[in-house]
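The values are calculated or read from the model by the stated rules, or taken from the named source; none is laboratory data. As the structure is a prediction and not an experimental result, all values here were calculated from the model. Quick reminder, even Gly has a Cβ in these numbers, built from the backbone with ideal geometry, and neighbours come from all protein chains shown. These accessible areas exclude ligands, DNA and RNA; they are computed on the full protein's heavy atoms, side chains included. Shrake-Rupley method; radii C 1.70, N 1.55, O 1.52, S 1.80 Å.
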Amino acid sequence: IRLFKDLVNGPTSGDIVLITGIVRTRQMSPSSKQRFFDIFIEANYIETLNKEATSFEIDECEKEEFEAMAKNPIIYEQITDSIVPSIHGYDKIKKAIAYQQFGGVIHKKPDITIRGNIHVLLIGDPAVAKSQILQASQKLAPRGVYTSGKGATGVGLTAAVNKTKEGDWALDAGALVLGDKGLVCIDEIDKMDNNDRVAIHEAMEQQTISINKAGINRRLNARCAVLAAANPVMGRYDPEKTVAQNVSSLPITILSRFDLIYIMRDQPQEEQDIEMAGHVLGLTSTKTTLDTELLRKYIAYAQKIKPVLSMEANECLRKFYVEMRKGTNNGNGNGIGITLRQLEGLVRLTEAHARMALRKQAILEDAQAAIQIMKDSLEDVGLNIESELIKSKPETLAEKMAATRELFSDGQEHMIDEIKVQMKMKLGMNEEIDSILHKLREEGSIFEPRFGYLQKV
């Protein structure tokens, strides 16, 4: 495409454009023996089309149908059941994807912009249908892009500057840029390129991608929701380790940008296995679901609504956030750092729940539903919310090792048998005692100054 100066800097990478121009040819080589020609467009007009979910033509009859659907008290269950209906189970995950499809409202302030997109991460064992869920979600979204962590091309997830055949530098857009104002499904995000790992921090929170290379300085929009799937480091998820340890290739700075994280484990359970087999073999009746095209239009129509939180919803979210923060100062060493990102995530989930019912105001019911799905996600990754505290489950290996270190006094020798008794009586450990002491020796936290004794380093 050849553009004149008055058309430059109109659209950006990833935009959908309408170009009016003249198709021309150009000889690829100055040699008269070469008869290969390039085809290009000499543009005289270029228009950036609206990339939001407005490509659907919704008539008045459909609007009336949508308003009637929204008044149905079971609309939430209908939408959830319509998310990947061919896959049995995973109700919590399907509910989270439903929230993500509708999304929250972008809050633009004089100095900053708070994203409205909801990011969801699935971590799980092989053969638990992670890829199928991603592909089906991408097809359901009014605007969706599917890719893998490595990327189908050298561009990757964000953007890249590559040399053209003529030797010039050109800016190529990646999946997050191409999915602007839509849903980007990233399979095997734990295997993404190192360059993407650096740039994705900005893309997921600020929703822009900055490029500064070869004289090209651009900031591209990446205003999209991210639905990602990751595989554990050792192949299967280890419940004795934390989420960060299971997917060590994803730093905690990236994990913290996901509003909801779910663990998908392949555990033999007779009752569940019978239901799963019946579903796969077509022996069980399926739930009543909405037509896919109808649901896509419903989502596109709902995304035009910008619900405002009511006073009751605001107060409900505020109380829950304060209760979560109390757990960080409970003094028992089990506190989890809850930041404002969790509160912003709750606001987005509340707005998404209101959009499902086409409400212009988010009420108390919406806030309570957002809190419940946040609790489900926190408990799924190994956090328990009990009364006013949020703390890690004591079963995790990291918790047990940290608690065992506290049993040692600085510079003092302890009999191994006494330490084992304390680990059993105070910490409730049993079979794993020898294993934990061995791991502490390996990492250099304790050593054996003489036979039968241990000392803290």
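Quick rundown of the values:
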{"item": "Verdict on LEU220 being crowded, with 16+ Cβ neighbours inside 10 Å, modelled with pLDDT under 90 and in a loop (DSSP other than H, G, I, E, B)", "result": "no"}
{"item": "Boolean, ILE254 is of a type in the set (A, V, I, L, M), open to solvent by less than 10 Å² (accessible area, probe 1.4 Å) and outside any loop (DSSP other than H, G, I, E, B)", "result": "yes"}
{"item": "Subset of the stretch 362-381 (residues that are under 17 Å from GLY103 (Cβ atoms) and open to solvent by 20 Å² or more (accessible area, probe 1.4 Å))", "result": "ALA369"}
{"item": "Identity of the residue in the stretch 116-132, modelled with pLDDT of 90 or more and open to solvent by less than 10 Å² (accessible area, probe 1.4 Å), that ends up farthest from the chain's Cα centre (by Cα)", "result": "GLY116"}
{"item": "Meets criteria (at pLDDT 90 or above, charged (D, E, K, R), under 28 Å from GLY235 (Cβ atoms) and surrounded by 14 or more Cβ atoms within 10 Å (Cβ to Cβ)) for LYS94", "result": "yes"}
{"item": "Whichever residue in the stretch 67-87 is of a type outside the set (S, T, N, Q) and either touching a Ser or Thr at 6+ places or on another chain (Cβ under 7 Å) or assigned to a loop (DSSP other than H, G, I, E, B) (or both) and, among such residues, is least open to solvent (accessible area, probe 1.4 Å)", "result": "ILE83"}
{"item": "Selection count, the stretch 424-457, where residues are assigned to a helix (DSSP H, G or I) and within 38 Å of the chain's Cα centre (by Cα)", "result": "11"}
{"item": "Members of the stretch 339-355 found to be assigned to a helix (DSSP H, G or I), touching a residue at least 24 places away in the same chain (Cβ under 8 Å) and either open to solvent by 10 Å² or more (accessible area, probe 1.4 Å) or farther than 16 Å from LYS306 by Cβ (or both), listed by number", "result": "ARG341, GLN342, LEU343, GLU344, GLY345, LEU346, VAL347, HIS353, ARG355"}
{"item": "Answer from TYR146, TYR99 - the residue that is modelled with pLDDT of 85 or more, open to solvent by 30 Å² or more (accessible area, probe 1.4 Å) and under 28 Å from TYR237 (Cα atoms)", "result": "TYR146"}
{"item": "Some residue of the stretch 103-115 being touching a strand residue (DSSP E or B) at 6+ places or on another chain (Cβ under 6 Å), assigned to a helix (DSSP H, G or I) and not acidic (Asp, Glu)", "result": "no"}
{"item": "The stretch 77-109, subset of a type in the set (Ser, Thr, Tyr) and within 21 Å of the chain's Cα centre (by Cα), residue farthest from LEU378 (Cα to Cα)", "result": "SER82"}
{"item": "Counted residues, the stretch 315-326 - those being under 28 Å from LEU183 (Cα atoms) and free of Cβ contacts under 8 Å to residues at least 40 places away in the same chain", "result": "1"}
{"item": "Residue that is most open to solvent (accessible area, probe 1.4 Å) [pool: residues in the stretch 154-196 that are charged (D, E, K, R) and over 28 Å from LEU140 (Cβ atoms)]", "result": "LYS165"}
{"item": "Selection from the stretch 12-44 of residues that are under 42 Å from the mean Cα position of the chain (by Cα), modelled with pLDDT under 85 and among the hydroxyl-bearing types (Ser, Thr, Tyr)", "result": "THR12, SER13"}
